[in-house]
Amino acid sequence: MKGQRVAILAEDQEISPNDASEILGISRPLVVHRMEVGDLPFHYVGKHRRTKLKDVLALKTKLEAQQAALDALAEDTASLIRDYGV
């Protein structure tokens, strides 16, 4: 794991949108958008948004499942085109 950081956090740990973006592998503005549309629960601490690590991890699992389904669909489509010229 050369060059990678390791952190141990409690699931109830509150994290910033910047930290959430690193965990999710998406931009900070997209994390804020996910918060605003209700995909990622959050609350304000002063003027700053905070979300729980467990909610970020749940969203990550959901996004990974969606990506896996899209990848499988793309593979099925490629297979149909290759095998049947559809």
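Residue 11 meets the conditions (1) in contact with a Leu (Cβ under 7 Å, 6 or more places away or on another chain); (2) without any contact (Cβ under 8 Å) to a residue 40 or more places away in the chain in every case but one. The failed one is (2). The set of residues in the stretch 34-55 being out of contact with any Ser or Thr (no Cβ under 9 Å at 6 or more places or on another chain) and either in a strand (DSSP E or B) or among the acidic types (Asp, Glu) (or both) consists of 36, 39, 44, 45, 52, 55.
Would you confirm whether or not the stretch 29-49 contains a residue that is among the small types (Gly, Ala, Ser), more than 17 Å from residue 61 (Cα to Cα) and surrounded by 13 or more Cβ atoms within 10 Å (Cβ to Cβ)?
Taking every residue of the stretch 29-49 in turn, none turns out to be among the small types (Gly, Ala, Ser), more than 17 Å from residue 61 (Cα to Cα) and surrounded by 13 or more Cβ atoms within 10 Å (Cβ to Cβ).
Restricting attention to the stretch 1-33 and to residues that are among the charged types (D, E, K, R) and assigned to a loop (DSSP other than H, G, I, E, B), the residue that is modelled with the highest pLDDT turns out to be 12. Only one entry in 61, 77 is out of contact with any Pro (no Cβ under 9 Å at 6 or more places or on another chain), surrounded by 11 or more Cβ atoms within 10 Å (Cβ to Cβ) and free of Cβ contacts under 8 Å to residues at least 12 places away in the same chain, namely 77.
Determine which member of the set 24, 40 is without any contact (Cβ under 8 Å) to a residue 60 or more places away in the chain, of a type in the set (A, V, I, L, M) and touching a strand residue (DSSP E or B) at 6+ places or on another chain (Cβ under 8 Å).
40
The values are calculated or read from the model by the stated rules, or taken from the named source; none is laboratory data. Remember, it's a predicted structure, so these values are computed and weren't measured experimentally. Cβ sites come from the backbone with ideal geometry, for glycine too, and all protein chains shown count toward neighbours.
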